[in-house]
Amino acid sequence: MTARALWTVEAMATAMGAERQGQLPASIAGLSIDSRSVAPGEAFFAIRGDRRDGHDFVVDALTNAALAVVAADRRAQFPGDAPLLVVPDVLSALRELAAAARRRMRGKVKHHAEPEAGVIRKLMPEDGYGFLESADGREIYFHRNSVAEPGFDSLKLGERVTFTEEEGEEGPQASWVTPLAESAPR
């Protein structure tokens with residue numbers, strides 16, 4: 001199984017203003033700032049901190065299967081064929097990459113539907129499902145596993161609930177049902 005690409009190297013290099021050196025892969029599956037935990041397929045960022053300099057651990061990161069290294073211009077310190085994205089400042093490059101990630105995610109945020117109000121109308125406890133009536137009078141299926149605490153077994157006919165609706169295989173269904181512990185007016 002291959003890891004899904006997080007970034008193409010081309011897009012990373014462009015976002016960070018990096019110069020490419022060595023045999024770079026087409027894409028990167030993840031990012032790491034720790035040479036000890038870098039996973040196969042990830043890029044290692046050689047960040048210089050107050051006490052440690054990530055450039056001292058580039059060879060370790062490559063040994064641990066990093067596919068690329070984002071580093072400052074210290075090429076003489078690394079193997080000649082090291083897959084490098086060379087930048088003036090590694091931490092600034094990481095910030096630029098984060099900003100590019102935010103830009104590419106604009107408009108792609110998953111929005112969850114607001115919960116609607118409903119009333120429990122039918123319960124089939126032996127089969128583990130029931131139906132609720134939405135505020136607009138529609139009958140909505142729900143499964144016992146979609147009921148929040150105190151759970152399906154505590155539901156009563158006529159009890160008010162909130163629910164989140166989604167389209168199921170056989171029509172509308174409630175993906176989340178929250179009991180309100182109050183009865184609907186008759």
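Read-outs: derived from the displayed coordinates by stated rules, not from any lab. Remember, it's a predicted structure, so these values are computed and weren't measured experimentally. Here the Cβ positions follow ideal geometry from the backbone for every residue, glycine too, while neighbour counts run over all protein chains shown.
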Could you grab me the full set of residues in segment 25-59 that are in a loop (DSSP other than H, G, I, E, B), in contact with an Asp or Glu (Cβ under 9 Å, 6 or more places away or on another chain) and either of a type in the set (S, T, N, Q) or buried (at least 17 other Cβ atoms within 10 Å of the Cβ) (or both)? Ala29, Ser35, Val38, Ala46, Ile47
Does Leu123 satisfy the criteria of being aliphatic (A, V, I, L, M), under 30 Å from Phe57 (Cβ atoms) and touching a strand residue (DSSP E or B) at 6+ places or on another chain (Cβ under 9 Å)? no
For the structure I just gave you, tell me whether Ala29 is over 16 Å from Val86 (Cβ atoms) and in contact with a Lys or Arg (Cβ under 7 Å, 6 or more places away or on another chain). yes
Picking from Glu114, Glu170, Glu182, Glu133, which residue would you name as being surrounded by fewer than 12 Cβ atoms within 10 Å (Cβ to Cβ) and in contact with a Lys or Arg (Cβ under 6 Å, 6 or more places away or on another chain)? Glu182
Considering (1) farther than 30 Å from Met12 by Cβ; (2) part of a loop (DSSP other than H, G, I, E, B); (3) not aliphatic (A, V, I, L, M), say which one Thr164 fails and leave the rest. (2)
Looking at Glu96, is it surrounded by 15 or more Cβ atoms within 10 Å (Cβ to Cβ), in contact with a strand residue (DSSP E or B) (Cβ under 9 Å, 6 or more places away or on another chain) and among the acidic types (Asp, Glu)? no
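Which of the residues that make up segment 119-161 are acidic (Asp, Glu) and assigned to a loop (DSSP other than H, G, I, E, B)?
Listed by number, the residues that qualify are Glu126, Asp127, Asp136, Glu149.
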